[in-house]
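> Take a look at the following structure, please.
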Amino acid sequence: LAIGLNIKDLEVLNCEYGKNTIKFLRLHKEGKKQFVKEVEVCAHLRLTSPQEYLEGNNCLVIPTDTIKNIVLVLAKKNGIPSLEQFAIDICNHFMTTFCQVGYVKAYVQEVPWQRLHEDGVPHIHSFICVPDGIRFCEAEQCRNGPLLVFAGIKDLKLMKTTQSGFEGFYKNEHTTLPERHDRILCGELFCKWSYGECKDFDFNCIWKKIRECILEAFAGPPDCGEYSPSYQKTVNCIQMHVLSRVQVIEVVLNNTFYNVVDMKNLGLTNDKEVSKCFKHNLTALFRNTQP
């Protein structure tokens, strides 16, 4: 400590700790058919007293190795019916087992394994990893407080090759970007929503429906699509679709901008067939104010 500064003069704002990157595969069997869930878990705790920080007294500290073992035992005993339910199980265990725990947070994300099909027939024990978005969730609880659950999807890469433009934007002496009424719209989506206080939800069903809402809002009708005047408007369309099902949603769209290559000097006409790409992002957080 600095000279003249006493530990009693300090206010502890946060002293949470935990175990990150607990990776494991949970195998479930029903006769000959097998099911897999490969997940990565982070579990963090905050104790009711910060004495391990202030005094070096470790008598209340639950070792991170113990935290890891508890997560694995819960997976063995309870299975993983949904990511959200598994995160809830983790929170409930630490709150009901350890009186020295004042706060617990569990983050769970899933490796996107899908059952392999051969000639339309689902294989009983073979799977393929398909990068069509990563499902994740968080659950957190303070002692004597409500259990809060969040869920989301990340690394979801989406593209539409027309029905998108960007016109009428602010211009000054530094503007070189031309207006476009027909461009490629592409991005990598992060979407996180809140269920609020934990209730008896069918988390798997809701997550699938929200994913469908995201895809529908991005693409529009399959036979004609829907025009997007900007990335911002596309993000808002996604949020408006999803807010009919949940209370709060955050969307981050990491924009991949495709710029059509000018091939006139090469004696060629390029009708969006070859484009160079650049990246930037935008973020928006919305809350449904209706009860």
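> Need one number: nm distance between label points at Leu13 and Asn58, each 7 Å from Cα along Cα→Cβ, rounded to one decimal.
Output for this residue pair reads 2.8 nm.
> Hey, another quick one. Label-point separation (nm) for Val260 and Gln232, each offset 7 Å from Cα along Cα-to-Cβ?
A separation of 2.5 nm, rounded to one decimal place.
> Hey, got the dipole for region 125-224? About the Cα centre, +1 on K and R Cβ, -1 on D and E Cβ, debye to the nearest 20?
Its charge dipole is roughly 160 debye.
> Which entries of Lys171/Lys264; Lys32/Lys77; Lys19/Lys276 show an alpha-carbon separation above 30 angstrom in the structure shown?
Pairs exceeding the cut-off: Lys19/Lys276.
> May I ask you to compute the full-extension gain from Cys142 to Glu173, defined as 0.36 nm times their residue separation minus their alpha-carbon distance, rounded to one decimal in nm?
Numbers: separation 31, 0.36 × 31 = 11.16 nm, distance 5.31 nm.
Working it through step by step, the gained length comes to 5.8 nm.
> Next question. Gaussian network model of the chain, Cα springs within a sub-10 Å range: biggest mean-square fluctuation belongs to which of Asn58, Asn236, Asn92?
Residue with maximal mean-square fluctuation among Asn58, Asn236, Asn92: Asn58.
> So what does Cys205 come to for accessible area, using a 1.4 Å probe and Å² rounded to 10?
50
> What is the percent carbon and sulfur in the accessible area of the chain, measuring with a 1.4 Å probe over the protein chains and ignoring ligands? Let's see the in-between values first.
Numbers: 9090 of 17260 Å².
Taking all protein chains in place, the chain shows 53 percent carbon and sulfur surface.
> If you don't mind, another one. What relative contact order, as a whole-number percentage, does the chain give when Cα pairs under 8 Å and 6 or more residues apart are counted?
Taking the mean separation of contacting Cα pairs over the length of the chain, I get 12 percent.
> Another question about this same structure. Fully extended, how many nm does the chain gain between Thr21 and Arg180 (0.36 nm per residue separation, minus their Cα-Cα distance)?
So the chain would gain 52.9 nm between Thr21 and Arg180.
> Efficiency by 1/(1 + (r/R0)^6): what FRET value for Lys154 and Asn78, r their Cβ-Cβ distance, R0 = 22 Å, to the nearest 0.05? Provide the component values of the computation, followed by the final result.
Details: r = 25 Å, r/R0 = 1.14.
Efficiency, from the Cβ-Cβ distance: 0.30.
> Still on this structure, please answer the following. Averaged per residue, what accessible surface does region 19-106 expose to a 1.4 Å probe, in Å²?
Ligands and nucleic acids excluded, the result is 51 Å² per residue.
> Here's another thing I want to ask about it. Rounded, prolate or oblate: pick one for region 18-108, where a ≥ b ≥ c are the square roots of the eigenvalues of its C-alpha gyration tensor, a/c under 1.5 means rounded, and failing that, prolate if a/b is larger than b/c, else oblate. Spell out each step's value before the answer.
Details: a/c = 2.97, a/b = 2.56, b/c = 1.16.
Verdict is prolate for region 18-108.
> Run the simple label-point estimate for Thr96 and His123 please: 7 Å along Cα→C-beta, distance reported in nm.
Inter-label distance under the simple model: 3.9 nm.
> Next question. Choose one answer from Thr161, Thr66, Thr175: the residue with the largest mean-square fluctuation in a GNM of the chain with alpha-carbon springs under 10 Å.
Maximum among the listed residues: Thr175.
> Give the separation of the Cα centroids, region 117-179 to region 212-291, in Å.
Cα centroid to Cα centroid, the span is 11 Å.
> Between Lys276 and Asn288, what length in nm is gained on full extension when 0.36 nm per residue of separation is reduced by their alpha carbon distance?
Computed gain between Lys276 and Asn288 is 0.5 nm.
The values are calculated or read from the model by the stated rules, or taken from the named source; none is laboratory data. Being a predicted model, the structure only gives us computed values, none of them experimental. Glycine gets a Cβ as well: all are built from the backbone with ideal geometry, and neighbour counts include every protein chain shown. Ligands, DNA and RNA are excluded from the accessible area calculation, which covers all protein heavy atoms including side chains. Shrake-Rupley method; radii C 1.70, N 1.55, O 1.52, S 1.80 Å.
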